[in-house]
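The structure appears right after this line, and notes come after that.
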Amino acid sequence: MRRAPPLRLAPPSFSGGQIAPAFFCRLLAEHPRLGAARPDIAPELRYLPVGSYQLLYCEIAHGIELVRVIHGARRLDQLF
């Protein structure tokens, strides 16, 4: 079975530093299962790489709860 290539998301190219974070917050709130499950770290945890960062979050009743934002150079297995 072939695996799909990893999903790469790019924020909209608007000026201003608030557009991209707002875009991803809304995207994740509307599609909380977009990120990969990480039961090896915590049962409810999901993970999504965004640019140079890794977002760790949990799905909640009406969106997500952002648990941690980690620089992409960091190794998750060494943090948990």
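What follows draws every value from the coordinates through simple rules; no lab data is involved. Note that the structure is a prediction, hence the values are computed from the model and not measured. Positions of Cβ are backbone-derived with ideal geometry, glycine not excepted, and every protein chain shown enters the neighbour counts.
Exposure proxy for VAL50, VAL67: other Cβ atoms within 10 Å of each Cβ, ordered fewest to most, give VAL67, VAL50.
A dipole drawn for the range 33-79 from +1 and -1 charges on Cβ atoms has a positive end, and of ALA73, ALA36, HIS62 the residue lying farthest that way is ALA73. Look at ARG46, ARG68, ARG74 and count the other Cβ atoms within 10 Å of each Cβ; fewest to most, that gives ARG74, ARG68, ARG46.
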